[in-house]
């Protein structure tokens, strides 16, 4: 699992935005094309299109959690929704406990406070949380 965190960091260093870096690190495990994930996550960097809102790495973590948890049952869309929401809330709480925020501009110190975490640090933390989640649910990764 450590390799996915390292891949997310390498993706960020290659120029992927924070959301793309996280999402693309899990493509092969989830059976999605990296190009599709890259395109899907493009607008989420910088806290949602550089608006400074929810951190893109955190948003990428949410996208991966959704892919892991959702059954994709279009006829029964509520089947897995609550479990997905609970998983997102739990990991968001862990990220916030570690970094004091999930808001990009707060993490970057753009609100007058100190820098709470670098972008690459947010990518690392989001991927580490996903790695821990996946290691607790090994059968989900092969979904």
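Which of the residues that make up segment 35-62 are farther than 29 Å from residue 111 by Cα and surrounded by fewer than 16 Cβ atoms within 10 Å (Cβ to Cβ)? Listed by number, the residues that qualify are 35, 36, 39. The combined condition, being touching a helix residue (DSSP H, G or I) at 6+ places or on another chain (Cβ under 7 Å), at pLDDT below 95 and over 18 Å from residue 17 (Cα atoms), is fulfilled by residue 69.
Residues are listed down the side, and each one gets a yes or a no for (1) surrounded by fewer than 18 Cβ atoms within 10 Å (Cβ to Cβ); (2) in contact (Cβ under 8 Å) with a residue 12 or more places away in the chain; (3) assigned to a loop (DSSP other than H, G, I, E, B):
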position	(1), (2), (3)
97	yes, no, no
106	no, no, no
109	yes, no, yes
122	no, yes, no
130	no, yes, no
133	no, yes, no
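Out of all the residues in segment 9-16, is one or more more than 14 Å from the chain's Cα centre (by Cα), closer than 21 Å to residue 132 by Cβ and in a helix (DSSP H, G or I)?
Residues of segment 9-16 that are more than 14 Å from the chain's Cα centre (by Cα), as a first pass: 10, 13-15.
Pick out the ones that are also closer than 21 Å to residue 132 by Cβ and you get 10.
With in a helix (DSSP H, G or I) added as a condition, the list becomes 10.
Scanning segment 9-16 turns up at least one residue that is more than 14 Å from the chain's Cα centre (by Cα), closer than 21 Å to residue 132 by Cβ and in a helix (DSSP H, G or I).
What helices (runs of 4 or more DSSP H), lying completely within segment 18-83, carry at least 3 residues that are within 14 Å of the chain's Cα centre (by Cα)?
Numbers: elements: 18-24, 27-30, 34-41, 45-48, 56-69.
So the answer is 18-24, 34-41, 45-48, 56-69.
Table: residues versus (1) within 30 Å of residue 115 (Cβ to Cβ); (2) crowded, with 17+ Cβ neighbours inside 10 Å.
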{"position": "7", "(1), (2)": "yes, yes"}
{"position": "13", "(1), (2)": "yes, no"}
{"position": "32", "(1), (2)": "no, no"}
{"position": "92", "(1), (2)": "yes, yes"}
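The values are calculated or read from the model by the stated rules, or taken from the named source; none is laboratory data. These numbers come from a predicted model, not from an experiment. Virtual Cβ from ideal backbone geometry, glycine too; neighbours counted across all protein chains shown.
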